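The values are calculated or read from the model by the stated rules, or taken from the named source; none is laboratory data. Everything numeric in this text was worked out from a predicted model, so none of it was measured. Positions of Cβ are backbone-derived with ideal geometry, glycine not excepted, and every protein chain shown enters the neighbour counts. SASA here: full protein model, heavy atoms, side chains in, ligands and nucleic acids out. Shrake-Rupley method; radii C 1.70, N 1.55, O 1.52, S 1.80 Å.
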Amino acid sequence: MTLVKETPPVAPPADAAPARRRRPAVLRWTALRLVALAVLLAAWQAIVAAGVWPRVLVPSPAEVWSAFVEASTVHDGVRGYSGYLLGEHLAVSLRRIGIGTGYAALTGIPLGLLIGVVKPVAVVLEPAVTFLRTLPPLAYLSLLVIWFGIDESPKIWLLVVAALPPIAAATAAAVRGVPGDLVEAARTLGSGPVTLLLSVRLPAALPEILTGVRIGLGVAYTSVVAAETVNGVPGIGGMIRDAQRYNQTDVVIAGIIAIGLSGILLDALFRGLERVTVPWRGRR
Amino acid sequence: MSPAEPDIRLRDVTVRYGPPRNPVTAVADASLTVRPGEFVVLVGPSGCGKTTLLRLVAGLEQPAAGTVEVRRATGVVFQTPRLFPWRTVGGNLSFALARNGVARAERPARVAELLSLVGLPGMAGRRTWELSGGQQQRVAIARALATEPQILLMDEPFAALDAFTRERLQEEVRTLAASTGTTVLFVTHSAEEAVLLGSRVLVMAAGPGRIVDEMTVPLPRAAATDTAALRGDPRFAALRAELAAVTRAATAA
Ligand SMILES: Nc1ncnc2c1ncn2[C@@H]1O[C@H](COP(=O)(O)OP(=O)(O)OP(=O)(O)O)[C@@H](O)[C@H]1O
Ligand SMILES: [Mg+2]
């Protein structure tokens, strides 16, 4: 006599390996995103069609698309927008973002290491970093223009100043958070202070440092329009400024979308890079 | 160096933790001498200061009173492996070799040698987190050995391992110490482990931490000793029971 009724096993078929089960999930999420996008576009179109706001303020998706195409092509002898293709504007801005973040990392990481390891340096420089971090880039743009003119250097400087504080802060926090037992183990193996810093604390902190650089990159991204306020063409920020001056809302929106999309792409690339370069993230 | 000169000598050391206003005395007036080639085991209840004594010898703590003399190079194996996850298994060993001044070109061969010694041949390229707990602890032992310490300090190195792995590693450490003549200071909770490995066992008691008793282990120490037979030996069982009784008495007192 059995009290528990036998239920037939409902195990998945043996060949349903995890790798094969994941693809449908990815497809499902992608489909969900596409649906959300379609709903957004439809809502946008509906608002435009209802005429809630004047066309000049809210152009239709089709108008933004044609602004996008016009800015990306040579038409009637005119090259893109303000004499440069959208891709060229974007490339110039990306180059500035890259150089700015690069310099910020080159200075911010050593600075963060110092702040994290040398107490007197932290006492002096940590408030300075926090101060810089709270300033909106437009606040120091004027100063940079006075000091460095209106060419390339004030733009790069602005991006460096914007990206450096998060990188330095993340690096300092990361080296402070290095597990003491690993440092101790290295010490018992005969490591001096320099080895401890460069061969133990630095690699142990690297995953979080890279996260800091990614955040710095994001800050540079959001600051590029500010950096290109003055004499910003070519540059995606300069393009948006020009379009604003002539009330070309469709070009402004196309520019914003271009910045956002390239930002998502770059962030994804950087995350991939992190996975490859610091596979020990979260491992012990 | 004359054999009479000890490798480790602690004289009346006291160690305090915490703020000077309200200190915790972890070890009070402990004295201990370890001669070259000895295998000394510290046993005692939790919190009696075993780790503290070991850290003192390793130079990781400073005594509030008393003197610490350590005459030769030490290597430490902690309770957890403490491997560097950003380096491979081989990389962890290379790190130690580099600190010991081994030239870059000679490191791969030494790494292979060390890995064979701890029973992990061919594992140099693996990531540390791909290894089991027992394998990681073996790498930690190999890493400590890479600096060619004349004194090996081991703090409950097998406590987190399963019985099977523990017995294997106990045997390996016993053989290693006997064949190389390395001086060992070893911390454990287990009377069985203490009697199996030690040539001398020091019993500690808590409140404050101090050394209260000492026992010499008159069992064969040669590298070729059959440890399986030893575990079944009635003398071994008697010693283990005696040590357990001494430890219990020390804890009760
Ligand atoms: N960093 C510390 N700060 C404050 N107190 C400490 C510290 N380390 C140890 N102690 C105290 O010192 C005493 C001895 O600790 P210790 O770690 O040496 O004990 P133990 O014999 O190794 O114990 P166990 O067998 O549990 O590992 C304990 O009372 C502990 O609370
Ligand atoms: Mg302990």
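Below is a table of values for the structure above.
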read-out	value
Top-ranked residue in the stretch A:200-216 [being open to solvent by less than 20 Å² (accessible area, probe 1.4 Å) and away from every other protein chain (no Cβ under 13 Å); ranked as nearest to A:Ser153 (Cα to Cα)]	A:Gly216
Neighbours by Cβ (under 6 Å, 6+ apart or cross-chain): first from the stretch B:88-99, at the interface with chain A (Cβ under 10 Å from one of its Cβ atoms); second assigned to a helix (DSSP H, G or I) and open to solvent by 30 Å² or more (accessible area, probe 1.4 Å)	B:Leu97/B:Arg107; B:Leu97/B:Arg110
The stretch B:46-71, subset within 12 Å of ligand 1 (Cβ to nearest atom) and not in a helix (DSSP H, G or I), residue surrounded by the fewest Cβ atoms within 10 Å (Cβ to Cβ)	B:Ser46
Selected residue (only one of A:Ala105, A:Ala122 is out of contact with any Pro (no Cβ under 7 Å at 6 or more places or on another chain), in contact (Cβ under 8 Å) with a residue 40 or more places away in the chain and farther than 27 Å from A:Val224 by Cβ)	A:Ala122
Qualifying residue in the stretch B:60-67 (condition: in contact with a Phe, Trp or Tyr (Cβ under 9 Å, 6 or more places away or on another chain), within 14 Å of chain A (Cβ to nearest Cβ) and within 16 Å of ligand 2 (Cβ to nearest atom))	yes
Some residue of the stretch B:216-227 being away from ligand 2 (no atom under 16 Å from the Cβ), on the phi > 0 side of the Ramachandran plot and of a type outside the set (Asp, Glu)	no
Hits in the stretch B:156-173 - residues which are touching a residue at least 40 places away in the same chain (Cβ under 8 Å) and within 16 Å of ligand 1 (Cβ to nearest atom)	B:Glu156, B:Pro157, B:Ala159, B:Ala160
Test: residue in the stretch A:159-174 that is within 14 Å of chain B (Cβ to nearest Cβ) and under 30 Å from B:Gln79 (Cα atoms)	yes
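The rows are residues; the columns are (1) exposed (fewer than 14 other Cβ atoms within 10 Å of the Cβ); (2) assigned by TED's automatic domain parsing to the domain that holds B:Val41; (3) among the aromatic types (Phe, Trp, Tyr).
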site	(1), (2), (3)
B:Gly181	yes, yes, no
B:Phe186	no, yes, yes
B:Ser190	no, yes, no
B:Val195	no, yes, no
B:Val201	no, yes, no
B:Gly207	yes, yes, no
B:Ala244	no, yes, no
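Per-residue answers, yes or no, for (1) more than 14 Å from every other protein chain (Cβ to nearest Cβ); (2) in a loop (DSSP other than H, G, I, E, B); (3) touching a strand residue (DSSP E or B) at 6+ places or on another chain (Cβ under 9 Å); (4) away from ligand 1 (no atom under 16 Å from the Cβ):
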position: B:Met154; (1), (2), (3), (4): no, no, yes, no
position: B:Thr175; (1), (2), (3), (4): yes, no, no, yes
position: B:Leu185; (1), (2), (3), (4): no, no, yes, no
position: B:Val201; (1), (2), (3), (4): yes, no, yes, no
position: B:Arg210; (1), (2), (3), (4): yes, no, yes, no
position: B:Ala223; (1), (2), (3), (4): yes, yes, no, yes
position: B:Phe236; (1), (2), (3), (4): yes, no, no, yes
position: B:Leu239; (1), (2), (3), (4): yes, no, yes, yes
